[in-house]
1. In the set 358, 367, which member is hydrophobic (A, V, I, L, M, F, W, C) and either within 27 Å of the chain's Cα centre (by Cα) or within 16 Å of ligand 1 (Cβ to nearest atom) (or both)?
2. If I ask for residues that are within 16 Å of ligand 2 (Cβ to nearest atom) and in a loop (DSSP other than H, G, I, E, B), which ones from region 415-452 would you list?
3. How many residues does region 384-434 contain that are away from ligand 1 (no atom under 16 Å from the Cβ) and within 24 Å of residue 186 (Cβ to Cβ)?
4. Within region 483-533, take every residue that is of a type in the set (Asp, Glu) and over 20 Å from residue 432 (Cβ atoms) and give me the one that is nearest to the chain's Cα centre (by Cα).
5. Would you check if there is a residue in region 371-383 being in contact with a helix residue (DSSP H, G or I) (Cβ under 6 Å, 6 or more places away or on another chain), within 16 Å of ligand 1 (Cβ to nearest atom) and at pLDDT 95 or above?
6. Take residue 415 and tell me if it is touching a residue at least 40 places away in the same chain (Cβ under 8 Å) and in contact with a Phe, Trp or Tyr (Cβ under 9 Å, 6 or more places away or on another chain).
7. What is the residue count in region 393-413 for residues that are part of a loop (DSSP other than H, G, I, E, B) and either surrounded by fewer than 16 Cβ atoms within 10 Å (Cβ to Cβ) or outside the structural domain of residue 511 (by TED's automatic domain parsing) (or both)?
8. Kindly indicate whether any position in region 195-211 is without any contact (Cβ under 8 Å) to a residue 40 or more places away in the chain and polar (S, T, N, Q).
Amino acid sequence: MKQHVPVLLLSLAVPLIALLPLPDFWIAQLNYIGLYALVSLGLVLLTGVGGLTSFGQAAFVGIGAYTTAWLTLNLGLSPWITLFIGLALTAVSAVIVGLITLRMSGHYLPLATIAWGLSLYYLMGNLDALGKYDGLLGLKSLSMGDIDIGQGRLFFVLCWALLIAGAVALINLLDSRPGRAIRSIKGGTQMAEAMGISTFRYKVTIFVIAALFAAVAGWLLAHFQRTVNPSAFGLKMGIEYLFMAVVGGVGYVWGAVVGAALVKLLDDYLQVALPALIGTSGSYEVIVFGVALVLVLKYLPDGLWSVVARKFPRSPRDVNWQDAANLPERDKPARGEPVLEVDNIRKQFGGLTAVNDISFTVAAGQIVGLIGPNGAGKSTTFNLITGVLSKTSGRVTFCGADVSHLPSRDIARQGMARTFQHVKMIADMTVLENVAMGAYTRGHSGVLSSMLRTNQAEEQRLMKEAQRQLERIGMGACLHEQAGNLAMGPQRLMEIARALCCDPALLLLDEPAAGLRHKEKQALAQVLRQLQGEGMSILLVEHDMDLVMDVCDQLVVMEFGTLLTRGTPAEVQANPAVRAAYLGTEH
Ligand code: ADP
Ligand code: MG
């Protein structure tokens with residue numbers, strides 16, 4: 001895997017640098033770069049991958065640093081114990097802050113992290129026990145037995161070993177079941193929730209992971225500098241950490257290292273060069289950083305590492321899952337038994353009744369078409385059934401269980417899978433990985449096992465299933481293509497494969513033929529007929545009447561939110577009211 005080339009290079013470079021007769025000054029610089037990179041590594045996960053912007057990471061560095069400082073100085077504990085106490089404290093605070101702030105949307109989250117960063121700064125600066133703004137002095141350097149590893153070259157090796165381990169853990173995580181869920185958060189939560197993923201849980205999770213990375217850096221920093229004071233953990237540093245991640249390339253693990261190096265070196269250079277240039281001293285480098293940030297965002301919005309990443313595109317995944325076991329399948333209703341019973345569901349948006357007491361049933365093995373002019377309420381009906389929207393009234397029974405009040409992820413878990421009127425996918429993931437997201441609820445591996453790569457047996461089963469579903473709909477040839485590069489037709493088929501991956505008892509397709517060319521429509525019709533032959537139960541919203549009349553067993557016709565009629569395609573075609581509705585609005 002090309003992704004691991006930087007890991008190999010760094011693992012060779014670190015011991016080499018430690019052995020070379022570099023001046024101590026440069027080793028110290030590298031130590032700071034390693035520490036900063038560790039913090040911005042957390043931001044790559046949180047901001048770059050998860051889309052959650054935090055200015056408050058410096059505060060978590062502070063928790064790690066102050067915890068070890070206070071405990072080693074006052075209670076005489078070993079730093080190797082205080083590290084874990086610091087991590088525990090950080091995790092608890094991150095969970096609390098996360099639970100409060102991560103439900104906020106848009107700009108409120110960054111604002112909340114600013115507030116949190118500020119308040120912790122003033123708390124550290126005003127507590128007598130923490131030495132107020134002078135901080136705590138006289139910490140011991142880190143040691144192992146009699147060997148001092150807290151300074152110079154040995155500290156460099158420790159710090160960069162932790163950094164490399166963190167980077168590898170992140171790379172592993174992002175390429176896993178929970179990693180795909182994390183990567184889906186940024187594009188909005190609807191699709192991920194429809195795959196059975198609790199997006200809020202993952203938001204809190206990555207917030208905590210990023211905080212833990214920062215806390216480890218704080219612990220290292222405290223014992224490296226042998227003193228802690230609030231200025232290293234204030235808002236200015238919080239902004240600088242974010243700046244490092246963004247300049248380096250916030251979407252890339254190695255961007256964190258590049259950004260940290262650039263900012264640290266530039267910072268030092270400017271602090272000397274600027275006063276000489278303008279003749280007075282002051283924190284003018286902050287202004288230069290501001291300008292640089294604007295320039296980077298304008299000309300290299302994906303950061304410096306994106307230039308490297310573009311030169312070395314990811315190699316396709318090794319197909320090593322032929323021998324993996326198949327995933328277990330759920331029990332499904334026998335042909336003819338009711339799968340879905342929709343009973344008088346209603347949705348009001350203010351004064352508009354988008355869905356007006358609609359009832360119908362889908363029996364196992366049936367394809368039921370839900371048709372009607374634009375704005376009739378078909379997509380809203382879909383959203384009510386799948387739990388994306390809450391119902392004003394009415395009841396939905398799925399496989400005999402009342403799912404009226406369940407959120408969409410719980411309904412998905414029970415085997416109701418869907419596609420979207422506007423394709424929702426992760427454009428920078430491969431087709432195979434996108435489809436594997438559909439099998440999310442059929443896997444169990446969590447964050448830790450993914451980081452440690454003990455999830456591989458399950459990962460192979462998920463990939464095998466994704467490949468099987470893609471082959472089932474005739475897309476076996478584009479497993480490793482970037483999903484964003486696909487034409488509309490294959491994108492829609494990919495969504496169907498993703499839905500099939502959840503082993504559904506019922507498949508809901510919202511306008512699968514919209515925007516397709518003639519050839520692509522034929523391919524789709526072929527897939528639908530094949531699924532029908534295999535006994536799949538499908539609820540289909542579609543405008544293409546040829547397709548609908550061709551594949552559907554039953555039709556439900558809506559107009560202005562109300563049920564116009566129900567029946568077989570032949571009955572519906574013969575119904576004058578339907579003709580009037582369509583001829584009046586469509587032709
Ligand atoms: P269809 O899928 O049949 O074209 P929709 O279900 O998308 O129709 O929309 C039905 C009606 O509900 C339309 O009049 C639409 O404007 C309205 N509507 C849909 N979603 C919302 C919403 N979130 N808020 C307010 N009105 C909505
Ligand atoms: Mg619609």
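1. 358
2. Scanning region 415-452 gives 419, 420, 421, 422, 423, 424.
3. 17
4. Only one residue tops the list, namely 510.
5. no
6. yes
7. Going through region 393-413 one residue at a time, the tally reaches 3.
8. Taking every residue of region 195-211 in turn, at least one turns out to be without any contact (Cβ under 8 Å) to a residue 40 or more places away in the chain and polar (S, T, N, Q).
The values are calculated or read from the model by the stated rules, or taken from the named source; none is laboratory data. In this text the structure is predicted, and so the values were computed from the model without any measurement. Don't worry about glycine lacking a Cβ; one is built from the backbone with ideal geometry, like all the others, and counts go over all protein chains shown.
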